[in-house]
Amino acid sequence: MKRGKTAVIVGAQWGDEGKGKIVDVLTQTFSVVARYAGGHNAGHTVTIQGKRFILQLVPGGILRPGCVNVIGNGVVFDPLAFLKEVAALREAGVTVDKNLFISNRAQVILPYHRMMELGAENAPGRVKIGTTSRGIGPAYEDKMGRRGLRVADLLDPRLLRTHIENACREKNMIAHALFNSEPLDADKMFAEYSAASEKIAPFVRDTALLLNQALADGKSIVFEGAQGTMLDIDHGTYPFVTSSSATSGGAATGTGVPPTSIDTVIGITKAYCTRVGGGPFPTEALDAQGEDLRKRGNEYGAVTGRPRRTGWVDLPLLRYAGMINGISWLVVTKLDVLDHLTEIPVCVGYKINGKETSEVPAQASGYDKIECLYRKMPGWATSTQRVRTFEELPKAAREYMAFIEHETGARVGMISTGPDREQTILRPEFVDALGLKH
Ligand code: GDP
Ligand code: IMO
Ligand code: MG
């Protein structure tokens, strides 16, 4: 029996590259979607015939009838956020039964994680990351500290009670001492989370087993990355990162599918660049053009509504993302946002202390020393929103794609020219390589 094919979708920038939309397009043929990292800090937008869905924990395949969706062990899982999301999907007429599974090994986010994060973000002397305030970082801290609660434990009422009592005692003391926070009530928390656990139970599985079985049965899997390469805990702009392995390696550890079963890594990049929250951003455009990108690209956080910082494609970072993730295909999204421009600045290299370098700084402060070397690419100054084939794209747009390919060594397999499922250009080589239908 031939194993099913697999592909990882990974953000090549600082998140919000349009991963949700691209996962949705791939579910034309892929039959399983598995999230491997992050939590409800993610906001993945899928637009189908003008109807907009923003998914946070639930994988993008939920909107494709027949597709199986898995929330992997690498995810930090907020039961209340999950139930809210599921209720909203049901309300919108989406089926969420027997096609959505949560790993019994995923870590659970509890209210004291948010309390600790809020305290830390506002404490004097601490670096303010500009987090999404979802308790993501403290939940991963507890995981690595080997004192977390996993979904399997959430379903065990005796264990849940003991865990909440002990954890609340400890966290209340720490939060009071460090941040003067109000204590949380363990009894109330237990009542709320044990009630939630009953609703969660039908979704819980050994998803590593489920996924490996699916592969053995010849089913294909998309691993849906959250966040992006530059937000990865190891490889991103530390400490201005999230707390998970957002890069492609996380797909294996975050689901229990071995690295040897991963066929392809697809990096998603905008035709420009954005970042939300604090931290380095070498190509940030703090001028009228940056404001223009924000307006045209509607660059406001899908989850928090915060305005996203905007700037230009950063080829040194795209090459870095290519190296770290093993990107063989790139998907370029939001090309239409550049439709009005006659000239597009692209950062082609870095100079640090007057010397050109291909090394990306390890220290956040190292980015302050970067001088970006720009090249101005010709714009096309015409709408691409209705274009459906690569050949129909204006010549300057095709040249822009060819330049990105040349500079990154990855092939551009797909181009997105609008939020809708239909506003997508699939290149025949990509369709063939991934076994996608036209
Ligand atoms: P994700 O987190 O990577 O899934 O991306 P988000 O959903 O947070 O942000 C991407 C935003 O861009 C969403 O509002 C999408 O609907 C929108 N979008 C995706 N692709 C395109 C595109 O090609 N053109 C335009 N104009 N919008 C797009
Ligand atoms: P998707 O999956 C963009 C950013 C936050 C903050 C930093 C740490 O939609 O691309 P956290 O709450 O994770 O501890 O915040 O990471 N961040 C994202 N930025 N897209 C995301 O997800 C993000 N998830 C987290 O803004 O700077
Ligand atoms: Mg997003």
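The values are calculated or read from the model by the stated rules, or taken from the named source; none is laboratory data. Predicted model, so just to flag it, every value in this text is computed and none were measured. When we count neighbours, we look across all protein chains shown, and the Cβ atoms used for this are built from the backbone with ideal geometry, even at glycine. The area values use the complete protein model at the heavy-atom level, side chains included, leaving out ligands, DNA and RNA. Shrake-Rupley method; radii C 1.70, N 1.55, O 1.52, S 1.80 Å.
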key: Peptides 32-42, 305-315, 289-299 ordered by average Cβ neighbours within 10 Å, highest first   = 32-42, 305-315, 289-299
query = So what is the relative contact order for the chain, in percent, with contacts set as C-alpha pairs under 8 Å and at least six apart?
reply = 20
message = Under 5 Å between amide hydrogens, which residues at least 5 positions from residue 381 or on another chain qualify, with H placed 1.01 Å from N in the peptide plane?
response = 341
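Tell me whether segment 353-419 comes out rounded, prolate or oblate; compute the Cα gyration tensor, take square roots of the eigenvalues as a ≥ b ≥ c, and use a/c under 1.5 as the rounded threshold. List each step's numbers first, then the result.
Values: a/c = 2.59, a/b = 2.42, b/c = 1.07.
Cα axes put segment 353-419 in the prolate bin.
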Accessible area of segment 307-438 divided out per residue, in Å², using a probe of 1.4 angstrom = 47
key: Those residues of segment 401-416 whose amide nitrogen sits under 16 Å from the label point placed on residue 323, 7 Å along Cα→Cβ   = 407-410
query = With θ set to phi - 60° and the Karplus curve 6.51 cos²θ - 1.76 cosθ + 1.60, what are the ³J(HN,Hα) couplings of segment 225-237 in order, to the nearest whole Hz, using x for Gly and Pro?
reply = x, 10, 6, x, 3, 7, 9, 5, 4, 9, 9, x, 7
task = Kindly work out what percent of the DSSP beta bridges joining two residues of the chain are antiparallel, to the nearest 5.
result = 40
query = Roughly how many nanometres apart are two label points built 7 Å out from the Cα toward the Cβ at residue 287 and residue 353?
reply = 2.9
Cα gyration tensor shape of the chain, rounded if a/c is under 1.5, else prolate or oblate by comparing a/b with b/c = oblate
task = Output the pairs from 19/51; 128/355; 128/369; 334/355 with a Cα-Cα distance over 27 Å in this structure; if there are none, say none.
result = 128/355; 334/355
query = Counting Lys and Arg as +1 and Asp and Glu as -1, what is the net charge of the other residues whose Cβ lies under 14 Å from the Cβ of residue 321?
reply = -1
ask   = Remind me, relative contact order of segment 59-203 in percent, using alpha carbon pairs under 8 angstrom and six or more residues apart?
value = 24
ask   = For the chain, list the cysteines whose Cβ sits under 4.7 Å from no other cysteine Cβ?
value = 67, 168, 273
key: Sequence of 383, 181 when ordered by accessible area, the most exposed leading, probe 1.4 angstrom   = 383, 181
ask   = If one takes the longest principal axis of the Cα atoms in the chain, at what angle in degrees, from 0 to 90 and to the nearest 10, does the Cα axis of helix 315-325 lie?
value = 50
ask   = So which GluC sites (Glu not before Pro) in segment 366-427 are both in a DSSP loop and have at most 15 other Cβ atoms within 10 Å of their Cβ?
value = 422
task = Please report, in debye to the nearest 20, how large the charge dipole of segment 1-135 is about its Cα centre when each Lys and Arg carries +1 at its beta carbon and each Asp and Glu carries -1 there.
result = 360
request  = Would you kindly state how much longer the chain becomes between residue 94 and residue 374 on full extension, computed as 0.36 nm times their sequence separation minus their alpha carbon distance, in nm to one decimal?
outcome  = 96.2 nm
query = When only C-alpha pairs under 8 Å and at least 6 residues apart count, what is the relative contact order of segment 43-128, in percent?
reply = 26
key: Global geometry of segment 1-118, whether rounded, prolate or oblate, following the gyration tensor of its Cα atoms and the 1.5 cut on a/c   = rounded
request  = Calculate what fraction, in whole %, of the accessible area of the chain sits on carbon and sulfur atoms when a 1.4 Å probe is rolled over the protein chains.
outcome  = 51
key: Rounded to the nearest 20 debye, dipole of segment 369-438 from Cβ charges on Lys, Arg, Asp, Glu   = 140
³J(HN,Hα), Karplus 6.51/-1.76/1.60, whole Hz, each residue of segment 182-187, x for Gly, Pro = 6, x, 9, 8, 5, 5
task = For segment 156-175 and segment 225-294, write down the distance between their C-alpha centroids in whole Å.
result = 33
query = Along the charge dipole of the chain, Cβ charges K/R +1 and D/E -1, which of 313, 203, 73 sits furthest on the positive end?
reply = 203
key: Computed E for residue 382/residue 263 - FRET, C-beta separation, R0 41 angstrom, nearest 0.05   = 0.65
note = With x for Gly and Pro, the residue-by-residue ³J(HN,Hα) of segment 198-209, computed from phi through the Karplus equation 6.51 cos²θ - 1.76 cosθ + 1.60 at θ = phi - 60° and given in whole Hz, is 5, 6, 7, 3, x, 8, 7, 9, 7, 6, 4, 5
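Quick check for you: with a 1.4 Å probe and neighbouring chains kept, what is the accessible area per residue of segment 89-241, in Å²?
Per-residue value: 50 Å².
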inquiry  = Can you give me the long-range amide H partners of residue 349? Hydrogens built in the peptide plane at 1.01 Å from N, cutoff under 5 Å, separation of 5 or more residues or another chain.
reply    = 373
message = Cut-off 10 angstrom, C-alpha nodes, Gaussian network model of the chain. Which of 20, 301, 135 fluctuates the most?
response = 301
Area of residue 238 that stays accessible when all protein chains are in place (1.4 Å probe, Å², to 10) = 130
